[in-house]
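To start, the structure under review is shown below, and the notes come after it.
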Amino acid sequence: MIDGKKVLFSGMQSTGNLTLGNYLGALKNWVSLSDEYQCFYCVVDEHSITVRQDPATLRKRARSLLTLYIAAGIDPVKNVLYYQSHVSAHAELAWILNCYTYMGEMSRMTQFKDKSAKHADNINVGLFAYPVLMAADILLFQTDVVPVGIDQRQHLEITRDIAERFNGIYGDVFTIPEGYYGKVGAKIMSLQDPSKKMSKSDENPNGSIYLMDDRDTIIRKFKRAVTDSVGCIAYNDEQPGIHNLIDIYSACRGITPEEVVKEFDGRGYGEFKIAVGETVADMLASLQKEEARLTSEKAYIDGIIKENAERAAYYANKTLRKVQHKIGFPDRIR
Ligand code: TYM
């Protein structure tokens, strides 16, 4: 608890072009939850280097991601928005937690298996230990709730296991966090292959809507979205393409899938695809406009980066010192 509020932590990697999946699965929920909780929203640049990055691009992307958080509607005064690499407690706690995590449990992580297949020439120790750094991110703030997409569920479960194991040895050190998954939008699928999640790293750019895509591109991608030959707009697992479009429309409009089905009852796929495309394009146009405006406010963004890193470090160090003491590191002399 901080000032009588429960704590929320979440983060995104500053790699690749963010997709509509990142927005609907995470960012949009972050905004709606930010009044209720004390929130920490991190740009997890340390996670990004588990895959080789171009330094200048990585730096630029971290800044635009932080700007995008604000553009999406997260208040940078009430909430703490910062870069992971500016708060050294993340790496320090991750090292400690590495010593309380087993090789066997890490090798079962599906994201590690997928990523090591994709980057077979660079299966580094960081990629393997990635979920431990994520556990450190979350546990540092005594987090109650973690809003993420469904692809992060396994990482959240291992975080809880590590925290429970640690608490079992040393007493109640960490709060055990809960995942928060949106009712719709927690798993947005590729527009070209609705059995695969929409991903920044998809080789086919038509499968993903990027947050910076222009209106024509967005509508064109939706028009080409893979559907089926049933010809009826219904919400079921046999029509995964239509299911995905219903999820997208429902998450953007804040209505239930049932309401979407009712709205488009008796209408054709072509008409529905254009409606979804226009809704997404309108939503992203206002996000893009706000991002462009904020990007030009250099001093304002610099101020947020500096102040928020200090606020994050304050809370993170409180937990880190407690952990260091519990495991037997010498206390600091004041
Ligand atoms: P990342 O950067 O891959 O994705 C950021 C967020 O977007 C969600 N997401 C999706 N949601 C729905 N449909 C999709 N197609 C889709 N694609 C991505 C992700 O679930 C995530 O919520 N390991 C994390 C970052 C991280 C983190 C943390 C998150 C590091 N430390 C601590 C929470 C708490 C990741 O790589 O997310």
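The values are calculated or read from the model by the stated rules, or taken from the named source; none is laboratory data. Please read all numbers here as calculations on a predicted model, not as lab measurements. Please note: Cβ atoms are built from the backbone with ideal geometry, for glycine as well, and neighbour counts cover all protein chains shown. All accessible areas refer to the heavy atoms of the entire protein, side chains included, with ligands and DNA or RNA removed. Shrake-Rupley method; radii C 1.70, N 1.55, O 1.52, S 1.80 Å.
For the chain, modelled as a GNM whose springs connect Cα atoms under 10 angstrom apart, the maximal fluctuation among LYS28, LYS115, LYS221 occurs at LYS115.
Which percent of the accessible heavy-atom area of the chain goes to carbon and sulfur, probe 1.4 angstrom? Carbon-and-sulfur percentage of accessible area, whole number: 52. For segment 180-267, applying the loop criterion from DSSP together with a ceiling of 11 other beta carbons within 10 Å to the GluC sites (Glu not before Pro) yields GLU203, GLU238.
Membrane-span-like helices in the chain (whole DSSP H runs, Cα extent of at least 20 Å along the helix axis, mean Kyte-Doolittle hydropathy of at least 0.0): 55-71, 125-139.
Based on C-alpha pairs under 8 angstrom that are at least 6 apart in sequence, segment 123-258 has a relative contact order of 19 percent. With the largest listed first and rounded to whole Å, the semi-axes of the equivalent ellipsoid of segment 117-180 from the Cα gyration tensor are 24, 15, 9. Here segment 33-160 is treated as a Stokes sphere of Kirkwood radius computed over C-alpha pairs; at 37 °C and 0.692 mPa s its diffusion coefficient rounds to 208 µm²/s. Computed over segment 162-314, the P(r) curve from all C-alpha pair distances, binned at 5 Å from the origin, holds 1, 8, 13, 16, 14, 11, 10, 9, 8, 6, 3, 1, 0 percent per bin.
Our summary gives segment 1-79 a relative contact order of 42 percent, counting only alpha carbon pairs under 8 angstrom and 6 or more residues apart.
What the Cα convex hull of the chain gives, in volume per residue, is 149 Å³. Using a simple spin-label model with points 7 Å from Cα along the Cα→Cβ vector, what separation in nm is obtained for ARG165 and ARG267? A separation of 5.1 nm, rounded to one decimal place. A 1.4 Å probe run over the chain, with the rest of the protein chains in place, finds 48 Å² accessible per residue.
Applying both filters, DSSP loop and at most 14 other Cβ atoms within 10 Å, to the GluC sites (Glu not before Pro) of segment 24-124 gives GLU36. If the elastic network links every pair of Cα atoms under 10 Å, which of VAL43, VAL77, VAL226 fluctuates the most in the Gaussian network model of the chain? Sorting by GNM fluctuation, first place goes to VAL77. The relative contact order of the chain, computed from alpha carbon pairs under 8 Å that lie at least 6 residues apart in sequence, is 22 percent. What the Cβ-Cβ distance of SER229 and VAL31 gives, at R0 = 25 Å and to the nearest 0.05, is a FRET efficiency of 0.05.
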